[in-house]
Number of protein chains: 2
Amino acid sequence: MEAGSDGDVCAKWSETLRVYHTTSCELENELQSRHDLGLSEFEVLLNLSKCCGQSGGKAKMKDLEAAMYLSQSALSRTVTRLERAGLVTRAACDFDRRANFLMLTPAGKERFEAAAPTHRSVLIKHFG
Amino acid sequence: MEAGSDGDVCAKWSETLRVYHTTSCELENELQSRHDLGLSEFEVLLNLSKCCGQSGGKAKMKDLEAAMYLSQSALSRTVTRLERAGLVTRAACDFDRRANFLMLTPAGKERFEAAAPTHRSVLIKHFG
DNA sequence: TGACATCCAATGCGCGTGCATGTAAGTTCT
DNA sequence: AGAACTTACATGCACGCGCATTGGATGTCA
């Protein structure tokens, strides 16, 4: 057995835990209080805005699910919240009527662009 | 502004997210299915067993709270679950009757020692 | 000593999550 | 075409979490 791998993994996990909790809590609080967005809601907007450049701003639920650490049901509800808030629209897919296309609305794009600097500055504070 | 600090923080956060989610999910599942313990329950046992060597196996709620990434209320309920399961006992503190001392029961010690290798092996798998 | 602030832990409450299931749409095989 | 299977998404449900509040114990100051 290799010496050191034992105690070290625990310390590494501890450190990961610390970084994750402090960062995600601060992200959550800042995004919520300043932009009325939860962290996973912001991350959906982030992924959608990435798709914007590539595929005309459309994304399938399944693709989003694969890109995020969120269960299918949680994603579905998160999108429902965003839709209710008018930040995102669901559109049926012509070729597969089971699937949904998601698009940022103008309001969604605006909200995301307002929130992105907040998100970025928290990350820089913790990782910069 | 320093070049690189921008895109990098996002990638670092992404990586932290990935490691945290994959590891904590696997810990949660393994501990739950093999030892009927949630991750935060295990972590309470872990902290208590650390105290065991130092202060006779007693720990105050406040000290645990400081050592863990859990709110006061969440910790209180986690300890309640552990107490119901017979793994931990609450004992009043003679000097400050607001505070509680916590102790591992023999069953708690046994359960922890059974679960610790599972915990360790998951960590080694992800960090080793 | 009496009034007031502080502290510890428990609890009511709302929320977001994952798991299991339901429903509708597409696919495959004969 | 029809039956059996698979896939995409929504929903019922139980659970753990954080926030705010409560109740009881301690400390402080006049």
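A short reminder: the numbers here are calculations on the coordinates, not readings from a lab. Just so we're clear, the structure is a prediction, and the values are computed from it rather than from any experiment. Positions of Cβ are backbone-derived with ideal geometry, glycine not excepted, and every protein chain shown enters the neighbour counts.
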_Cut-off 15 Å, label point 7 angstrom out along Cα-to-Cβ of residue A:60: give me the residues of the range A:70-107 whose amide nitrogen falls inside._
A:91-103
*Please work out the FRET efficiency for the pair residue A:69 and residue A:97, using the Cβ-Cβ distance as r and a Förster radius of 22 Å; give the result to the nearest 0.05.*
0.20
*Give or take rounding to whole Å, what are the principal axis extents of the alpha carbon atoms in the protein assembly as shown, in descending order?*
65, 43, 42
*Considering only the label points, 7 Å along Cα→Cβ from Cα, what distances in nm to one decimal separate residue A:81 from the same position in each other copy, shortest first?*
2.2
*the range B:10-127, dipole about Cα centre (Lys/Arg Cβ +1, Asp/Glu Cβ -1), debye to the nearest 20*: 200
*Tell me, what HN-Hα J-couplings in whole Hz come from the Karplus equation 6.51 cos²θ - 1.76 cosθ + 1.60 at θ = phi - 60° for each residue of the range B:96-107, using x for Gly and Pro?*
9, 6, 7, 8, 10, 9, 10, 9, 6, 7, x, 4
*Would you kindly give the portion of the calculated P(r) for the range B:24-100 that falls above 21 Å, as a percent of all Cα pairs?*
26
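How do A:44, B:122 line up, fewest other C-beta atoms within 10 Å first? Let's see the in-between values first.
Values: A:44 28, B:122 21.
Exposure proxy ranking, most exposed first: B:122, A:44.
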*Determine ³J(HN,Hα), in whole Hz, for all residues of the range A:80-91 in sequence, where each value follows from phi through the Karplus function 6.51 cos²θ - 1.76 cosθ + 1.60 and θ = phi - 60°; x replaces Gly and Pro.*
4, 4, 5, 5, 4, 7, x, 9, 8, 10, 9, 10
*How large is the dipole of the range A:87-128 about the Cα centre if only Lys and Arg carry +1 and Asp and Glu carry -1, each at its Cβ, rounded to the nearest 20 debye?*
140
*May I ask you to derive the relative contact order of chain B, considering only C-alpha pairs under 8 Å and at least 6 residues apart, and to give it as an integer percent?*
26
_Of all chain B residues, the one whose C-beta is nearest the axis that brings B onto A, in angstrom_ = B:20, 2
*Taking every residue in A:10-21, how many Cβ atoms of other protein chains lie within 10 Å of its Cβ, on average?*
5
*Applying the Karplus parametrisation 6.51 cos²θ - 1.76 cosθ + 1.60 with θ = phi - 60° to the phi angles of the range B:108-113, what ³J(HN,Hα) value in whole Hz is obtained for each residue in order, glycine and proline being reported as x?*
x, 4, 4, 4, 4, 5
